[in-house]
Amino acid sequence: MSTTSNPSKRDRTNTDTAVAKPSRRTFLKGSAATTAGLVVGFHVPFFNKQAMAQGIAAAPISPEVNAWVVVQPNDKVIIRIARSEMGQGSLTGLAQMVAEELECDWAKVSTEYPTPGQNLARQRVWGDFSTGGSRGIRGSQDNVRKGGATARMMLVQAAADEWKVPVSECSASKSVITHGPTKRTTTYGKVANAAAKLTPPTDIKFKDPKDWTLIGKRLARLDTVEKTTGKQIYGMDLKLPGMLNAAVKDAPVFGSKVKSVDDTAVLKRPGVKKVLRVGDTAVAVVADTWWRAKTALDALKIEWEDGPNAKASSASFAEVLKAGLDAKDAVVGHSVGDARAAIAASPRKIEAVYSYPHQNHVCMETMNATVKWTPERCEVWVPTQNGEAALAATAEAAGLPPAKCEVYKIHLGGGFGRRGATDFIRQAVAIAKQMPGTPVKMIWSREEDMAQGRFHPVTQCKMVAGLDDKGEITGLSMRISGQSILAYVAPQNIRDGRDPVVFQGLNAPGPEASIGYTFPTFLVDHAMRNPHVPAGFWRGVNLNQNAIYLESFLDEIAHATNQDPLALRRKLMSKHPKHLAVLNAVAEKVGYDKPAPAGVFRGLAQTMGFGSYVAACAEVSVSKEGGLKIHRIVAATDCGNAVNPQQIEAQVEGSFVYGLGAALYQECTVKDGRIEQTNFADYPSLKLAEMPKVETVILAWGGFWGGVGEPTIAVAAPAVLNAIFAATGKRIRDLPLKNHSLKA
Amino acid sequence: MPKLNVNGKLLDYQADEGTPLLWVLREQLGLTGTKYGCGIAQCGACTVHIDGVAVRSCVMPAAAMKATQKITTIEGLTPNGTHPIQKAWQALDVPQCGFCQSGMIMAATALVKEKPNPTDKDIDDAMTNICRCGTYNRVRAAIHVAAKEMAATKTGAKPKKVSELGKSVLDIQHIDGSQA
Ligand code: FES
Ligand code: FES
C-alpha cells in the first residue's frame, strides 16, 4: 500500500479494485527480486529488444539511484512513472514533481514505466499504478516528490563522501553538485553509482512551494514529438516475432452465451489459423493479419443463447428506474434536518424529474491487448489504466501465479475509465492460452467496442424543493434511482446496500465531492436499480449527472422565484468559500455584470469532485429553427497546486469536448438486450466546427492537490442546458439534446 | 505482385480482394502511424495523402490504387517531424493521447497546401476528424500558427524553431535539448 493513498478516496473513484493478491513470498522467491533501495537496475530483456525494435523507450542499463530515478553517466535522467499516460499529461506532470525535488536538469529528463510485476516484487515501491479518478497527480504527489528528494540527498551525499567534506556544505542545482567553500563541482552522472550504494535517508524535507522552479511551470509535454510523427507506438501497433492477430465477438446480449459456431467455411479462408471459443460467451478468429481475422469473424455463423435479458430495452429500464423514484428501499447519502417534512410543510413546492442515459467511452483506440502464453509464463502488452489489476487479471486468466506473469504498459489511445477494467485483458489471455508459445494481438473492432462497453450508468432523479412565502428554499430533496457502478465493478465496496460513489458532488462538506450549498434541510438518497447492461467508470463518473440534476434544478428554482441564478447560488454558498471562489472567478471573467451580446444567453454551473472545485459559464444562442451555437465557455478550476497550467488548460478544454459531445449526441440505447449503436455514424462525437472558445481560469492557491482530468466535464452540460433555457424557455431534463427540438 | 507507391518508394504487397489501404499500410508495410478508429470513414484517424489530397484509407481498397498514385503517410510527411504543421503542433502541445493526431496532421497539411491562409471556416470544413481527448482548439490555433510561419518563410524568413513558434499563443516553455 502506498503511504499516500487515502483508502476512502480510492474506494470512491477506483476504476478497478481487483488488485493483485499474490503470495508475496512465493513471488519474491520466484523472481529475481531485489530489496527496495538496492542497486540493481532492472530491465526486461525480452521487452527491451522488442521495445527497441518498436521504438518504445528502452529500459536503462545504468543502475538506479532509487526506484524513481536512474542517472546515466552522461547525466541523462530517467524518471520512472507508475501512472499511465492516456493523454491527460500526468507523465510530464509527475516527472516535473520528481525533478523538482531531485534538482536535476529538466532538459536531460526522459521517462519510463516500471512494470507491475516489479512493483509487487519490490513491496509496491512505486505505490498505486491505477490511473483513474483524476488521481494521477494528487494520489502520488507525496510519493514521487519523496522519490526525487531521496535521490537528490543520496547523490549529494555521494559527492560529499568523495570529497570528504560535510554534506551540509554541498548543494545541488540542475544536476550539478557544488561544494560551497571550495567551489568544487561534480555532476549527478559522475556520482550516481556511488549514490546508489548508500542507504536511503529517512528524514526528508520537501522544498518550500515558493522555491519551486518546475512545479507550476507551463512546460512542454515530454511525449509530444512522437505523437506528431507517427512514431508513438500504441498497443494496436505492436508487432512481435511470429505474432498472429485475433478478432473477437462477445455475446451481444450481456450475460448470454454462445450456442453454436459453424466455422467450416471460415477455416478455409486464407490466413485463418483457428476459430476459438473464449469462455462460454465469446468467439475469436486468429489469423495472420487482423483484417483477415476480422473479415473471417464477420463471416462466421454464430448462434447465441440469448437468455433472460433478450427482451430488455432502454424503455423497460426507464420503467424500473421510474418506479424507484418513489420506492421505499432507498439508502441515504447525505441528509441535513428533515427535508421531507420541511418540504411537506411548505406553502409552495417545485418538482422535476431528470434522467441520464447509458454512454460509451469510445476511446479513440479500441480495446486491445497482445499476449504470449506458455505453460511457464504469460506476458501481456497492453494499454491499461491499472497495471496491477491487469497483472492480477492476467495471472487469473493464465492459470499461473503472478510471479510467472508480467504486464508491459503502453501509452493509451484514450482511457476515460474504460481501460481501468480488465475484461479485454482476460479475453486476450484466454485466446493466447489456446495458442501456446505464439504471441497473439487481439484488437476489438469499433463495433465490438461499442457493443461491449462498460457504460456510463443510467439514473433518474426526482428533485423536490419546498419554498416559503418569500420564495426562499425550505428544503431540497433528491431521489436518485438507478445504476450503481460499484455493483458491477467492486461489489465488495458496497456496504449495507450503500454505494458511496453514487453521491459524488452531493456529499457533506469535506475534501471530496462535497456539495457547495447549504440548504435549511437537505436529503439525497438512492434506490439502487441495476439493469443487465454493465456500468463502469466513465470520465467524470457520477459527478456528471449529479451536477446536471442539481445545477439545472437550482436554475429552475431561480427562475420560478424571479432570482438571478448567480445571486441565488451566492446566497446558498456563503459557507462554501472554495466553491464560491471558482464561481465568482467565472462570473468576473465572463463579465456577468454586463449583459451578454445581443441574442446570446448565459448559463452557469459549479461543482466539486476529484479533489477540485470547478465552475463554468456557457454563452449560447439558439436560432429560430432550433440550431444551437455554443459561442464561448469560461471555466475556472481550483486544484490547489497547479503542476503544469498549460496542461490543466488542455484538460479543461478536452473536458468540454467530452462533456458537450455527451450532452449533445451520446446515448447508448438497448433493444432486445443489446446495445443498438455500432460506430461513430450512429454515436457521434463533438467535432472541431462545434467547439466553442474556452477561456480557462486556474486558481492555484496551494494547500492541496486536486485532480483536473474529470471535474470540468460535469459542468459542461448543465452550463449549456441553463443557457438554453435562458435562450428558449425550454428546460431539457433528459439527454442527449439531439432528442429534443429547440425550435421556437 | 501488386505495388503501391508509398512515401516515395514502390513497394510490393499482397492482400485479399477488398483489403483497405489502411490495413495494407499497417500490417504489410509496417506503417503503423496511420490509425484505425472506425473503419467507416467517420473519424479520420486513417487519413493519408493520395497525390496530396487527404483521403480516409480505411474505406479505400488497396487494389484501387495505381502505382502512379503517390501515397504519403505520416511517416513520409517529413523525416523528423519538421513540417510547419508538425512544428506548430509541437509548439502548442496539441496532442493528448495522440491517437487521432496522425490523421489530424495529415488533414491539416493537406488543408494548408490547398489553402495556405485558411480561415476559421476553412478549418471547420476541412478538419472533421474526431478527437475524443478534445484537442480541437489547439488544432485550430496550431493551423493558424503554421500558416503564418509558412507565409513568412515563403517571403524569405528563416524557419523558426519550435520553441519560438506560437510563443504568444499559449506561451508553453520549450527547453532546447529536452525531448519536447
Ligand atoms: S478509421 Fe478511417 S475514418 Fe475512421
Ligand atoms: S489526442 Fe486523443 S483522440 Fe485526439
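Structure notes:
- Candidates are the residues of the range B:13-54 that are among the charged types (D, E, K, R) and away from ligand 1 (no atom under 13 Å from the Cβ); the one that is modelled with the lowest pLDDT is B:GLU17.
- Within the range A:311-360, tally of residues that are part of a loop (DSSP other than H, G, I, E, B) and touching a residue at least 24 places away in the same chain (Cβ under 8 Å): 16
- The sole residue among A:ASP208, A:ASP223 that is more than 21 Å from A:PRO166 (Cα to Cα) and either within 14 Å of chain B (Cβ to nearest Cβ) or at pLDDT below 95 (or both) is A:ASP223.
- Of the set (1) touching an Asp or Glu at 6+ places or on another chain (Cβ under 6 Å); (2) more than 20 Å from A:ARG733 (Cβ to Cβ); (3) more than 16 Å from ligand 2 (Cβ to nearest atom), all apply to A:GLY540 but (2).
- Residue match in the range A:142-153 (condition: modelled with pLDDT under 95, under 38 Å from the mean Cα position of the chain (by Cα) and among the acidic types (Asp, Glu)): yes
- Here B:VAL59 fulfils each of the conditions (1) within 14 Å of ligand 1 (Cβ to nearest atom); (2) at positive phi; (3) more than 9 Å from chain A (Cβ to nearest Cβ); (4) free of Cβ contacts under 8 Å to residues at least 40 places away in the same chain apart from (2).
- Check on B:LYS35, in a helix (DSSP H, G or I) and at the interface with another protein chain (Cβ under 9 Å from one of its Cβ atoms): no
- Hey, B:GLN28 open to solvent by 50 Å² or more (accessible area, probe 1.4 Å) and within 16 Å of ligand 2 (Cβ to nearest atom) or not: no
- The one condition in (1) more than 16 Å from ligand 1 (Cβ to nearest atom); (2) part of a loop (DSSP other than H, G, I, E, B); (3) at pLDDT 95 or above that B:GLN86 fails to fulfil: (2)
- The one condition in (1) over 22 Å from the mean Cα position of the chain (by Cα); (2) within 24 Å of A:THR637 (Cα to Cα); (3) surrounded by fewer than 22 Cβ atoms within 10 Å (Cβ to Cβ) that A:ILE698 fails to fulfil: (1)
- Residue tally, condition on the phi < 0 side of the Ramachandran plot and within 16 Å of ligand 1 (Cβ to nearest atom), over the range B:89-105: 8
- Flag if A:SER481 is in contact with a Lys or Arg (Cβ under 7 Å, 6 or more places away or on another chain) and buried (at least 24 other Cβ atoms within 10 Å of the Cβ): yes
- Filter pass, A:THR213 being modelled with pLDDT of 95 or more and either buried (at least 23 other Cβ atoms within 10 Å of the Cβ) or assigned to a loop (DSSP other than H, G, I, E, B) (or both): yes
- Taken over the range B:54-75, residues that are of a type in the set (A, V, I, L, M) and either open to solvent by less than 40 Å² (accessible area, probe 1.4 Å) or in contact with a Lys or Arg (Cβ under 9 Å, 6 or more places away or on another chain) (or both) amount to 6.
- Selection from the range B:100-117 of residues that are more than 7 Å from chain A (Cβ to nearest Cβ) and not polar (S, T, N, Q): B:GLY103, B:MET104, B:MET106, B:ALA107, B:ALA108, B:ALA110, B:LEU111, B:VAL112, B:LYS113, B:GLU114, B:LYS115, B:PRO116
- Matching residues in the range A:62-107 - criterion: being among the aliphatic types (A, V, I, L, M), within 23 Å of A:GLY387 (Cβ to Cβ) and open to solvent by 10 Å² or more (accessible area, probe 1.4 Å): A:ILE78, A:MET86
- Any hit, the range B:166-176, residues being more than 16 Å from ligand 2 (Cβ to nearest atom), surrounded by fewer than 21 Cβ atoms within 10 Å (Cβ to Cβ), acidic (Asp, Glu) and within 12 Å of another protein chain (Cβ to nearest Cβ): yes
- Of the residues making up the range A:654-677, just one is within 9 Å of another protein chain (Cβ to nearest Cβ) and β-branched (Val, Ile, Thr), namely A:VAL657.
- Whichever residue in the range A:72-122 is hydrophobic (A, V, I, L, M, F, W, C) and more than 12 Å from chain B (Cβ to nearest Cβ) and, among such residues, is farthest from A:GLY216 (Cα to Cα): A:ALA121
- Selected residue [touching a residue at least 24 places away in the same chain (Cβ under 8 Å) and exposed (fewer than 14 other Cβ atoms within 10 Å of the Cβ)] from B:PRO95, B:PRO116: B:PRO116
- Residues of the range B:62-88 that are among the hydroxyl-bearing types (Ser, Thr, Tyr), within 18 Å of B:ASP51 (Cα to Cα) and more than 9 Å from chain A (Cβ to nearest Cβ): B:THR68, B:THR72.
- Test: residue in the range A:512-521 that is under 19 Å from the mean Cα position of the chain (by Cα) and closer than 30 Å to A:PRO577 by Cβ: yes
- Complete set of residues in the range A:457-499 that are out of contact with any helix residue (DSSP H, G or I) (no Cβ under 7 Å at 6 or more places or on another chain) and within 20 Å of A:ARG731 (Cβ to Cβ): A:LYS462, A:LEU467, A:GLY471, A:ARG479
- Looking across A:PRO270, A:PRO201, A:PRO241, one residue alone is over 23 Å from A:MET367 (Cα atoms), more than 28 Å from the chain's Cα centre (by Cα) and within 14 Å of another protein chain (Cβ to nearest Cβ). It is A:PRO270.
- Residues in the range A:703-730 that are among the small types (Gly, Ala, Ser) and open to solvent by 20 Å² or more (accessible area, probe 1.4 Å) were compared, and the one that is farthest from A:GLN141 (Cα to Cα) is A:GLY729.
- Options A:ALA547, A:ALA567, A:ALA535; residue that is small (Gly, Ala, Ser), open to solvent by 20 Å² or more (accessible area, probe 1.4 Å) and at pLDDT 95 or above: A:ALA567
- Set B:ALA91, B:ALA45, B:ALA54: member being facing another protein chain (nearest Cβ under 9 Å) and more than 13 Å from ligand 2 (Cβ to nearest atom): B:ALA91
- Single residue of the range B:118-144 satisfying the filter (of a type in the set (Lys, Arg) and within 14 Å of ligand 2 (Cβ to nearest atom)) that is nearest to the other protein chains (Cβ to nearest Cβ): B:ARG132
The values are calculated or read from the model by the stated rules, or taken from the named source; none is laboratory data. Keep in mind the model is a prediction, meaning the values are calculated, not measured. Neighbour counts are summed over all protein chains in view; Cβ atoms, including those assigned to glycine, are modelled from backbone coordinates with ideal geometry. Side chains included, ligands, DNA and RNA excluded: accessible areas come from the protein's heavy atoms. Shrake-Rupley method; radii C 1.70, N 1.55, O 1.52, S 1.80 Å.
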